[in-house]
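The values are calculated or read from the model by the stated rules, or taken from the named source; none is laboratory data. Since the structure is predicted, the reported quantities are computational estimates derived from the model, not experimental observations. We place every Cβ from the backbone using ideal geometry, glycine too, and count neighbours over all the protein chains shown.
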Amino acid sequence: MSMHHLNKYTPIPLLCIGLLLFFTACQSTTTASPKAVKSTPPAQVILPAPKPTPTPGKWATQPTPTPILHYTTPTPVSSGVSSAAVNNTQKPVLAFYYMWYKPATWSLSTMSDLPVTQYTSSDDATIDRQLQEASAAGITGFISSWWGAGDPTDQNLTKLLAHSATLESTTHIHFASSIYFESDAPALQGTAKIVSSLRYLMTNDANDPHFFHWQGKPVFFFWDPLGGGRTLAQWASIRQQVDPNNTTIWSAEGVNMNLLSVFDGIHLFSGGYWGIQNNTMNQVDQGFRTQINTYNQTHKTQKIWAAGVVPGFNDAKVPGRTNHVIVARNSGATYRASWAGAISSAPDWITITSFNEWFEGSMIEPSVTYQYLYMSITQQYVKQWRG
């Protein structure tokens, strides 16, 4: 899904002051609740009738066109250098990624901007181009929105992994992606369907060499585990049935530290955007790092903090959306502040919302308005984080 995750954020008492300020900001700058918002793919995963679940909101200001900024392409490495060393996999950068686009998708009636090159997600040339652009910017993998076995997003995931193998064979760049388990998807409702779907992923995709692994274990990302009436007890039961020996890593989207009793880490699809609105981004990200550190010390665990970064958000044109969160891009300043906050929190991973969620306007993929600006900023901060 996508930033509809934003509207789902309701900070809890355990959060730092930076989170509490969010409520004030929401009342004064937006009508949406402080939740992450994420968009659902258009019905049938194609437009013109998208059924998004995401939701931040419309930009406070219209983006100002900027000149094309080209980021440098990585220098191919000799085959004697391991791809792990080349890609700094100890500091993964993963971007939320959507493979539901078709020719009928692209329209300024439902989007705030358009890609430089309009495309079909399943096209081989498109996947190759996106892998090349992402890896050139320092991104080490995608978190591909997944709506169930047999869905077009599932079929395209298979293609993504295969094309990643081709990328490595030709450039020696290892690009490893995961899935975003879209908990609100119709095909993933109820314990039985969740269990069967996770078993399917573990059997068919998790062991692929280009599926994202951390410390030898495949990683799954879950959207809003506690939304839609789902409970921690339900997830504990699912985990026991699917992965009783914890051979995989599960990252939950949300701000509730109780998620760590079942999941192996937390990520913010929203990027903690309230910190940007209140000029407290560093405090927000550092607050989550502190809470996870405290949990780890108390429970003798190694839970993972994945700091999120976001360039902005604009879902004003998404059909059916009524609550809009306003996160202005400010010509790249928002994205830079988001990255600075993430890096300041010493995260285990960094996630980007998003590579190409065009309906919600959170994309960094080259656009008509911004050209390569956000890819250049990404490359700059990835280098800074990795030193």
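Structural remarks
- Candidates in segment 215-239 are the residues that are among the β-branched types (Val, Ile, Thr) and either over 30 Å from PHE175 (Cβ atoms) or under 19 Å from the mean Cα position of the chain (by Cα) (or both); of these, the one that is surrounded by the fewest Cβ atoms within 10 Å (Cβ to Cβ) is THR231.
- Residue match in segment 275-286 (condition: closer than 27 Å to ALA162 by Cα, touching a helix residue (DSSP H, G or I) at 6+ places or on another chain (Cβ under 7 Å), in a helix (DSSP H, G or I) and of a type outside the set (A, V, I, L, M)): no
- Restricting segment 321-343 to residues that are part of a helix (DSSP H, G or I) and in contact with a strand residue (DSSP E or B) (Cβ under 6 Å, 6 or more places away or on another chain), the residue that is surrounded by the fewest Cβ atoms within 10 Å (Cβ to Cβ) is TRP339.
- Within the set ILE238, ILE179, ILE139, ILE194, the sole residue that is at negative phi, of a type in the set (A, V, I, L, M, F, W, C) and assigned to a loop (DSSP other than H, G, I, E, B) turns out to be ILE139.
- Candidate set from segment 262-293 (those that are hydrophobic (A, V, I, L, M, F, W, C) and within 17 Å of ALA252 (Cβ to Cβ)); member that is surrounded by the fewest Cβ atoms within 10 Å (Cβ to Cβ): VAL262
- Any hit, segment 357-374, residues being part of a helix (DSSP H, G or I) and closer than 22 Å to ARG129 by Cα: yes
- Within segment 100-119, considering residues that are among the β-branched types (Val, Ile, Thr) and within 16 Å of TYR370 (Cβ to Cβ), the one modelled with the highest pLDDT: VAL116
- Filter result for ASN246 (surrounded by fewer than 16 Cβ atoms within 10 Å (Cβ to Cβ), under 24 Å from LYS91 (Cα atoms) and more than 22 Å from the chain's Cα centre (by Cα)): yes
- Qualifying residue in segment 287-301 (condition: modelled with pLDDT of 95 or more and not in a helix (DSSP H, G or I)): yes
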